[in-house]
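A short worksheet on the structure shown next.
The values are calculated or read from the model by the stated rules, or taken from the named source; none is laboratory data. From a predicted model like this one, the values you see are computed outputs, not experimental measurements. Methodologically, a virtual Cβ is constructed for each residue, glycine included, from the backbone with ideal geometry; neighbour enumeration extends over all protein chains shown. Surface accessibility is based on the protein's heavy atoms, side chains included, excluding ligands, DNA and RNA. Shrake-Rupley method; radii C 1.70, N 1.55, O 1.52, S 1.80 Å.
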Protein chains: 4
Amino acid sequence: MYFGILAIIFLHLLTYMNTQGKILRLTSFGESHGKAIGGILDGFPSGIAIDMDFISTQMRRRRPGQSRITTPRKEKDKVEILSGVFEGKSTGTPLAFVIQNEDAQSKDYSHIATQFRPSHADYTYEKKYGFRDYRGGGRSSARETAVRVVAGALAQLFLRQKDIQIHAYVSQVGNIATLKSYKEMDFTQKENIVRCPDAVVSKQMISLIEEVRDAGDTIGGVVSGVIQGLPVGLGEPVFDKFHAELGKAMLGINAVKGFDYGSGFDAVAMRGSSHNDIFYNDEAGRVRTQSNYSGGVQGGITNGEDVYFRVAFKPVATLMNSQKTIDNQGNSVQMEGKGRHDPCVVPRAVPIVEAMAALVVLDFYLLASAYR
Amino acid sequence: MYFGILAIIFLHLLTYMNTQGKILRLTSFGESHGKAIGGILDGFPSGIAIDMDFISTQMRRRRPGQSRITTPRKEKDKVEILSGVFEGKSTGTPLAFVIQNEDAQSKDYSHIATQFRPSHADYTYEKKYGFRDYRGGGRSSARETAVRVVAGALAQLFLRQKDIQIHAYVSQVGNIATLKSYKEMDFTQKENIVRCPDAVVSKQMISLIEEVRDAGDTIGGVVSGVIQGLPVGLGEPVFDKFHAELGKAMLGINAVKGFDYGSGFDAVAMRGSSHNDIFYNDEAGRVRTQSNYSGGVQGGITNGEDVYFRVAFKPVATLMNSQKTIDNQGNSVQMEGKGRHDPCVVPRAVPIVEAMAALVVLDFYLLASAYR
Amino acid sequence: MYFGILAIIFLHLLTYMNTQGKILRLTSFGESHGKAIGGILDGFPSGIAIDMDFISTQMRRRRPGQSRITTPRKEKDKVEILSGVFEGKSTGTPLAFVIQNEDAQSKDYSHIATQFRPSHADYTYEKKYGFRDYRGGGRSSARETAVRVVAGALAQLFLRQKDIQIHAYVSQVGNIATLKSYKEMDFTQKENIVRCPDAVVSKQMISLIEEVRDAGDTIGGVVSGVIQGLPVGLGEPVFDKFHAELGKAMLGINAVKGFDYGSGFDAVAMRGSSHNDIFYNDEAGRVRTQSNYSGGVQGGITNGEDVYFRVAFKPVATLMNSQKTIDNQGNSVQMEGKGRHDPCVVPRAVPIVEAMAALVVLDFYLLASAYR
Amino acid sequence: MYFGILAIIFLHLLTYMNTQGKILRLTSFGESHGKAIGGILDGFPSGIAIDMDFISTQMRRRRPGQSRITTPRKEKDKVEILSGVFEGKSTGTPLAFVIQNEDAQSKDYSHIATQFRPSHADYTYEKKYGFRDYRGGGRSSARETAVRVVAGALAQLFLRQKDIQIHAYVSQVGNIATLKSYKEMDFTQKENIVRCPDAVVSKQMISLIEEVRDAGDTIGGVVSGVIQGLPVGLGEPVFDKFHAELGKAMLGINAVKGFDYGSGFDAVAMRGSSHNDIFYNDEAGRVRTQSNYSGGVQGGITNGEDVYFRVAFKPVATLMNSQKTIDNQGNSVQMEGKGRHDPCVVPRAVPIVEAMAALVVLDFYLLASAYR
């Protein structure tokens, strides 16, 4: 018998595991058009100065309406910390924070109360939970990623003290890709609006996004990331390899379709004699590798070289043009397009990628410290 | 101060999380040349007939020495179940199983007691744990994947009863890729030795592997997988999305460098108007999508369409040719090549990919059942 | 070398695991005099009508200032749910809730900024975290239990639909104990202020508490609980026995010193021939036991009989009289007494015991459902 | 509708969570009369010398047939470590160990294949899992505790290096209790067969057990424990308090009915002015308390004083005399008595209590280390 039919009758399933991490754990809550979104970050070390300006900076990089190539929606996204901070420093107790949902134009979304938007989560939520908060996509909205940016910024406050640096940037939009490696990028420079540090290519990317936007369409892209200054020994050898947790964290971001690290998918066509990273001792007596196809991870454990990786994003599913779909009674319907959306998600995804990377790194960092 | 230097002095770190899964949990143990490898599968439903023949079949597909394009090493890999089965059926209590390590030629590995093999885990283990079982790579050896194949076969015994089918196959070796989609593959046919169901391309792949082997070199490849017959509603929406757990499980396999699902990295260059999967009702009244770029997952939750994905493997790091490296005193050394290795890992990786997929699917299946 | 000395220099440890439960998980946050306290309840089934009146009723039973035998402090304790509810019903996504901290008289607590109150957590927090939010005990304040009452009330909304009833009551204050078993108690009657359903004994308890209060002192007590209507099969056999999780949940409540269930500590002096519960079939064909010394749990798994248990509370550590102690510089100091405290904690602990029991029961209920 | 009836038809539930601990995790397997029992201890630090003699010593203290007041059954209980040890030291990878089941007299148990032994887990297992391995109680047999003793001994190997001492002893059998506190006990002396270090009382206990045994009956008892040398700062403040995890670990031991620590149930009748532990600085400048009613834990966190606790055990359910019960068809039956059982479980429970305490302490120790 068809399980799906049963599902709509019997199953009122629910979400589980809105928590990221092992000993540094972020639990996230909130729907796009509910009262608020937010989270609890538990397991954060005590005594860390909480730099609200840095949190705001990261939030601004994610915020809608930041440039002409993002959605014109405006969200203030003011972060309020409710607990875990005393006299400006973390106390070691749970850091709870909320972001109120303001200016929610709920009527904008009334048309999707009964219709399933193509390549959105409307249908799967309705089946899994029996009903859904349809306003703005509810829990499945990418608005939830603001929570991750807050928590990731907190994690970065700790990591910066250990000289661990995390940088992400846009390396491809549609078929336009930078050919430069992360080593040729200058992360100290002011970001451009598409967040690709390759000045020439960034202009082409922006033109492409504008062209796509004007056509009422959307386009995919790639965010690349690099983590520098990691100690040797982070990651667990079998199931919880460093890159496996990193990959899961990236795949958990809305619209992500793929992840690779180091030589990645390019390794497939390589031979071992080229791909192997030869060890040597540098002048400081440190063990290094001549090449870094391993991407800073060997046997699931960091080796002290740079960890670099790519995250593939699909084109945004919300279009300005109308599309055919069905409603929850099974009727064919024509769904109207919607104006306030991102034509390409990657510029705003950059701080989200950094945030998820920071959460993974700090979790492994603390775990490794348990065995010092 | 450089953390790595400290590490070798102070840090005796350890592995953590040799466990896969949330409520179906596999805990794995064992080193390549210790007494035995094995695992405990906890959370497995009671009353399931334990088909030892099926387990043996999956083990044979992973086994070294199975064909002329794999390592000539011989391992019997006889599985013994110690608990959790009574009168041929699972009792609901933990299923413990062991595979004795026989014919271990420990002297083969004595040369790596002090040397760090390039692109292996020798260096990272030595730094993380202070010392290591160097014989055959110890815990980092791909021999551990035999444990996963046993547990995955057990999971498949349950899933087969629910008509959930999992198939993996080799879709690329080096630069030779099949252009056929999984839908054109006939999984009922006898497998060839490279495990690519595209008859023409499989011959090219075998030739390439033989050529690489004869040159003392190794080469990468891609294993593709498909999961069919899934109910709607598996997966958790935020961090524990269906494809995020699947990706983590794949990235945790030795030598894996990348993962994508559905349209994957190809989505990057697509436009939303092409990429969106349009919903319709089929004759049976079931909600379906016309295309399936979503890869059977929307908002992290299965939608009843096929889940398909790719896993990228690097070229094997062990070479027949000698390589330069350093020893644990920092001296430059020339490391001898080794004859008994796989020139290409993907043919033997196919049952491992299936096993990890089965563990992820059954875990989500049971979790969803908690909320029926 | 003395670890404690090292601790104050090097260790800035932190809290971890502010989460209760396996698949129904409550994560709690907040300090007594911070902005707010609250929590996220994740894994709660969808489609449950959220009865705010029931939540308020439970909160009123916990609230300070409710009677002449509790602290005269006033807290409004208004619960605001931020997410996970749509059109009055749970959506299956995380239920976040906050309780603002109002009327906090921070100056009341300034004297404990540097002093360690006897039998409080001031010293252990200061050592564990390096510094602490001293206002009102910060995170260690029993104010945190309000969070548990909210979450427990939510769990009870589900359990009531399954005819699972949870009742707690005061069975002892100081040396005054009721001799009646839970079976003789009428839980439908209006509670008295000490929450002991034995009318005669309750008056003695109230007198004792008043006498203790007037002497500026405090006194301990016992809360007894009973869970009725449980299905057979909840609980896991080895480490996660039903009563082991229940006991842990009770021991996690502030001021608790002991837990037993069924025959409890009285079993020690009994013989097996008296203690064994003889099985029989009742008229409805159900398997029952003639006695219930097992307390409804056999081998860690519920057997369908009533689960009953006792929770021992110590006398409140905050006194109206002054006490000797030391400050964080090691100086001897005389600490002033404090007027606004509970002379006996058990009347207000009754809804907290019910709440923790409800969280444990629903967690096991959902887990067992995964394997139906 | 009655859930239990449904259960036997539809539910094939299963065990879950045969795992103890957060970052030091013991997963246990095995049935009383299956091939073997054993476990995997994951998260154990590397570089620890594995003293097999110490493990054997602890196993001998738990072993059946050790004295005239225990069951005459003989079990060799030889421990074999399969992984995680290299050149005599732990490698940081999972320590797997097995104990073969020898001399199992399966026919002894054939009579319970269909009958439910009073106050055993036969009925609850049959309902929870649909069927059960009835031989010797299968998974519910106390034989499983041998696994805990092995893991606990491993944990103690680490703790001894940190000068953390764990001692348990019998403090009560039936109505005969020692009046001495743990401070008056000499743990360096050779243990007597009842494991009560009070020489006079131990003789009375032994007489009582012999009398009970000769009457074909059984009797309960109390095991007391003390942990000395703990650093300040172990335990987590809210749900995972030090004593809450300790209590759960004890309540998870077969036949345990209650747990208290410090002043325990005696605290109920005390006043705060007597119960509060007054802080002072000792000559070495360490913060100490004059009394220790807190039992070494304040606010869920260790304060450096001794942690002491009591564990109540019920009388063994297996009797030499025959008893009335029912079979799985609901028929009344007379069950024959069985000769080879323990008349009192507490002498053999002493090393089990020590083992569970050691696992809890090391888990918290490592966790606290993550935040140094």
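Some values worked out for this structure:
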item: Options A:S332, A:S369: the member that is open to solvent by less than 10 Å² (accessible area, probe 1.4 Å) and of a type outside the set (A, V, I, L, M, F, W, C); result: A:S369
item: Residue that is nearest to B:T124 (Cα to Cα), among those in region A:236-281 that are more than 7 Å from chain B (Cβ to nearest Cβ) and out of contact with any Leu (no Cβ under 9 Å at 6 or more places or on another chain); result: A:S274
item: Residue satisfying all of: in region B:278-292; under 21 Å from B:V361 (Cβ atoms) and in a loop (DSSP other than H, G, I, E, B); modelled with the lowest pLDDT among these; result: B:R286
item: D:T124, sole failed condition from (1) free of Cβ contacts under 8 Å to residues at least 24 places away in the same chain; (2) open to solvent by less than 10 Å² (accessible area, probe 1.4 Å); (3) touching a Lys or Arg at 6+ places or on another chain (Cβ under 8 Å); (4) not small (G, A, S); result: (3)
item: Any hit, region C:160-180, residues being within 25 Å of C:Q58 (Cβ to Cβ), without any contact (Cβ under 8 Å) to a residue 60 or more places away in the chain and in a loop (DSSP other than H, G, I, E, B); result: yes
item: Flag for B:L208 being within 14 Å of chain A (Cβ to nearest Cβ), of a type in the set (A, V, I, L, M) and closer than 30 Å to C:D42 by Cα; result: no
item: Condition broken by A:Q298, with the remaining ones in (1) more than 30 Å from A:R63 (Cα to Cα); (2) open to solvent by less than 10 Å² (accessible area, probe 1.4 Å); (3) touching a residue at least 40 places away in the same chain (Cβ under 8 Å); (4) at the interface with another protein chain (Cβ under 9 Å from one of its Cβ atoms) satisfied; result: (3)
item: Flag if A:N303 is polar (S, T, N, Q) and under 25 Å from the mean Cα position of the chain (by Cα); result: yes
item: Any chance C:R195 is over 28 Å from C:G304 (Cα atoms), open to solvent by 10 Å² or more (accessible area, probe 1.4 Å) and in contact (Cβ under 8 Å) with a residue 40 or more places away in the chain; result: no
item: Only one of B:I81, B:I69 that is surrounded by fewer than 24 Cβ atoms within 10 Å (Cβ to Cβ) and touching a helix residue (DSSP H, G or I) at 6+ places or on another chain (Cβ under 7 Å); result: B:I69
item: Close pairs (6 angstrom Cβ cut-off, 6 or more residues apart or separate chains): under 17 Å from A:D306 (Cα atoms) and surrounded by fewer than 24 Cβ atoms within 10 Å (Cβ to Cβ) in region A:355-366, among the hydroxyl-bearing types (S, T, Y) and modelled with pLDDT of 95 or more anywhere; result: none
item: Residue satisfying all of: in region D:198-216; of a type in the set (D, E) and open to solvent by less than 60 Å² (accessible area, probe 1.4 Å); nearest to D:F313 (Cα to Cα) among these; result: D:E210
item: Residue selected from region B:38-54 under the condition at the interface with chain D (Cβ under 7 Å from one of its Cβ atoms) and open to solvent by less than 10 Å² (accessible area, probe 1.4 Å), by the criterion farthest from D:Y129 (Cα to Cα); result: B:G38
item: Subset of region D:28-37 [buried (at least 24 other Cβ atoms within 10 Å of the Cβ) and of a type in the set (S, T, N, Q)]; result: D:S28
item: Members of region A:124-155 found to be within 22 Å of B:G295 (Cβ to Cβ) and not in a helix (DSSP H, G or I), listed by number; result: A:R132, A:S141
item: Qualifying positions in region D:337-353 - closer than 22 Å to D:D214 by Cβ and surrounded by 14 or more Cβ atoms within 10 Å (Cβ to Cβ); result: D:K338, D:R340, D:H341, D:D342, D:P343, D:C344, D:V345, D:V346, D:P347, D:R348, D:A349
item: Residue count, region D:244-270 (criterion: assigned to a helix (DSSP H, G or I), open to solvent by 10 Å² or more (accessible area, probe 1.4 Å) and closer than 27 Å to A:T93 by Cα); result: 2
item: The lone exception for A:R60 - which of (1) open to solvent by 20 Å² or more (accessible area, probe 1.4 Å); (2) over 30 Å from A:S207 (Cβ atoms); (3) free of Cβ contacts under 8 Å to residues at least 40 places away in the same chain it fails; result: (2)
item: Qualifying residue in region A:217-232 (condition: open to solvent by 40 Å² or more (accessible area, probe 1.4 Å) and not in a loop (DSSP other than H, G, I, E, B)); result: yes
item: Pairs with Cβ under 9 Å, 6+ apart, first in region A:42-56 and farther than 23 Å from A:D77 by Cα, second β-branched (V, I, T) and open to solvent by less than 60 Å² (accessible area, probe 1.4 Å); result: A:G43/A:I23; A:G43/C:T15; A:S46/A:T91; A:S46/A:T93; A:S46/C:T15; A:G47/A:T91
item: Where a residue in region A:237-255 is free of Cβ contacts under 8 Å to residues at least 12 places away in the same chain and its partner, wherever it lies, is of a type outside the set (A, V, I, L, M, F, W, C) and part of a loop (DSSP other than H, G, I, E, B), with Cβ under 8 Å and at least six apart; result: A:F239/B:N18; A:F239/B:G252; A:L251/B:K241
item: Filter result for B:E75 (within 30 Å of A:G235 (Cβ to Cβ), of a type in the set (D, E, K, R) and open to solvent by 10 Å² or more (accessible area, probe 1.4 Å)); result: yes
item: Subset tally (residues that are at the interface with chain D (Cβ under 9 Å from one of its Cβ atoms) and either without any contact (Cβ under 8 Å) to a residue 40 or more places away in the chain or open to solvent by less than 20 Å² (accessible area, probe 1.4 Å) (or both)) for region B:128-139; result: 8
item: Residue identified as basic (K, R), at the interface with chain A (Cβ under 9 Å from one of its Cβ atoms) and within 30 Å of A:N18 (Cα to Cα) among B:R288, B:R310; result: B:R310
item: Answer from C:V170, C:V226, C:V222 - the residue that is farther than 30 Å from D:F29 by Cβ, touching a Cys at 6+ places or on another chain (Cβ under 9 Å) and at pLDDT 95 or above; result: C:V170
